[in-house]
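Heads up: the structure comes next, in structure tokens.
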Amino acid sequence: MWNNMKKGKILLVLGAIMVLIGFMSFVGSKDDVQTREQLGEKLFFDPILSGDNTISCASCHKPAFAFADTAVFSKGIKGQLTARNSPGLTNLSGRPHLFWDGRASSLEEQALGPITSAAEMGLPIEDAVKKLNDNKFYADAFQKIFKSAPTKDNLLKAIASFERTLETSNSPYDRYVNGDDHAISESAARGRLLFIGKAACNNCHSGEDFTADRFKSIGLYNGKDLNDPGRSAITKSKTEEGEFKIPGLRNVALTAPYMHNGKFKTLKEVVEYYNNPSLVVKDGINRDLALDKPLNLTNAEIDDIVEFLKSLTDDRFKQKLASN
Ligand code: HEC
Ligand code: HEC
């Protein structure tokens, strides 16, 4: 009798614990992912998508730096270095070409690259899908959001949906063009005029996001120490040697170092290069005619252009940096 009572009590306590666990996981799942974007965000930060569970997209694309890396080349699994500089990921939703050489044409297609690349995340896509299916959280989340088990397609869709949320249009520059004369410094305002005038940066960096979405050579390929031919390796066209995607410039102040090879550490070095490319790279192949002659910018004008570029940083990153 006493024994039975004791058993009953134990069962009661066990039952209460079970209910509590059930309740907690319910609360947990309520706070957890509800949309494709949230699921993609979770995947973006989760090393489950790498062969040895050590690398996530965010290992190389760091949120505080507009999703770029601060290193010249990033580390993939087993300490392997990437062949190019990791770009920032903001304002990509309208881009027709992705990667420095434009070899992917959608964010979905792009996302397959790093997961399966032996040097980055090193996980065959079938294995990625299997790992997600074996993981109760993801199996449930895909079921809830896509009405299907995890598949290659909906995995890539989720990540791309998250990346499409990284649009930024709330910078001092935006407030300035919308009528607030004091939103940027006088130096940045002069820089803006130089950008579209004397320095003619907008020949290539045009439009809302400061890219014409084309491929150009600014002269950072010489077939020797600078040996990445860029676009021509994809198109097999010699006339495109040294061409790279014109990158958008929003949030560019956060994404140093710069260029496909991370050659320049600061924006000042970048603008100094444009001012007279031959002083830095004498034998750049196929350099665009727009960069044929020195720009003859003064030191003060170079600083003004740098100030202008800094005004393109979205407020959300200011808050992030301030809280770091
Ligand atoms: C080991 C470092 C590393 C990891 C991990 C990584 N990336 Fe990248 N990412 C890069 C590098 C380097 C490039 C540029 C490569 C090139 O252009 O050839 C790049 C390019 C991109 C681009 C193209 C951006 C543009 O402007 O064209 C996108 C989008 C992107 N990565 C998203 C992702 C996503 C999503 C993941 C996770 C599934 C991921 N990356 C994982 C290093 C990494
Ligand atoms: C002929 C076209 C062209 C012109 C003109 C041009 N750019 Fe570029 N810009 C590019 C290309 C292409 C790249 C990438 C080159 C590479 O990686 O080899 C680039 C890269 C950059 C980057 C590095 C971005 C990053 O994410 O690494 C900055 C900053 C930049 N340009 C600013 C400027 C400024 C400022 C001017 C004017 C002084 C200018 N550009 C003029 C085509 C151009």
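What follows is calculated from the coordinates using simple rules that are stated; it is not laboratory data. Keep in mind the model is a prediction, meaning the values are calculated, not measured. Counting neighbours? That spans all protein chains shown, and the Cβs are built from the backbone with ideal geometry, glycine included.
Computed from point charges on the beta carbon alone (+1 for Lys and Arg, -1 for Asp and Glu), the dipole magnitude for segment 151-242 about its Cα centre is near 400 Debye.
Packing here is the average count of other Cβ atoms within 10 Å per residue, and on that basis the peptides 218-228, 304-314, 249-259, highest first, run 304-314, 249-259, 218-228.
In sequence order, segment 293-306 has phi-based couplings of 10, x, 7, 6, 7, 7, 4, 5, 5, 4, 4, 4, 5, 4 Hz under the Karplus curve 6.51 cos²θ - 1.76 cosθ + 1.60, θ = phi - 60°, and Gly or Pro positions carry x.
From the alpha carbon centroid of segment 158-181 to that of segment 218-236 is 32 Å. Under 25 Å of direct C-alpha separation, and excluding same-chain neighbours fewer than eight residues apart, residue 216 reaches these lysines: 198, 224, 236, 238, 245, 263, 265, 268, 282, 293, 310.
About its Cα centre, the dipole of the chain is roughly 1040 debye, where the only charges are +1 on Lys and Arg Cβ and -1 on Asp and Glu Cβ.
Farthest toward the positive end of the dipole of the chain, out of 300, 128, 194, is the Cα of 128, where the dipole comes from beta carbon charges about the Cα centre.
Rounded, prolate or oblate: which one fits segment 143-242, using the alpha carbon gyration tensor with axes a ≥ b ≥ c (rounded when a/c is under 1.5, else prolate when a/b beats b/c, else oblate)?
Oblate.
In sequence order, segment 85-90 has phi-based couplings of 6, 6, x, x, 10, 8 Hz under the Karplus curve 6.51 cos²θ - 1.76 cosθ + 1.60, θ = phi - 60°, and Gly or Pro positions carry x. Placing +1 on the Cβ of every Lys and Arg and -1 on the Cβ of every Asp and Glu, with no other charges, gives segment 34-163 a dipole of roughly 100 debye about its Cα centre. Taking a ≥ b ≥ c as the square roots of the Cα gyration tensor eigenvalues, the chain comes out prolate, since a/c reaches at least 1.5 and a/b is larger than b/c. Shape class of segment 172-323 from the Cα gyration tensor (axes a ≥ b ≥ c, square roots of the eigenvalues): prolate, since a/c reaches 1.5 or more and a/b is larger than b/c. A straight Cα-to-Cα reach below 16 Å connects residue 131 with the lysines 42, 152, residues fewer than 8 places away in its own chain not being considered. The order of the peptides 204-210, 158-164 by mean Cβ neighbours within 10 Å, most packed first, is 158-164, 204-210. Rounded to whole Å, give me the distance from the Cα center of segment 112-133 to that of segment 30-68. Segment 112-133 and segment 30-68 have Cα centres spaced 14 Å from each other.
Could you sort the peptides 176-185, 96-105 by per-residue average Cβ neighbour count (10 Å cutoff), highest mean leading?
96-105, 176-185
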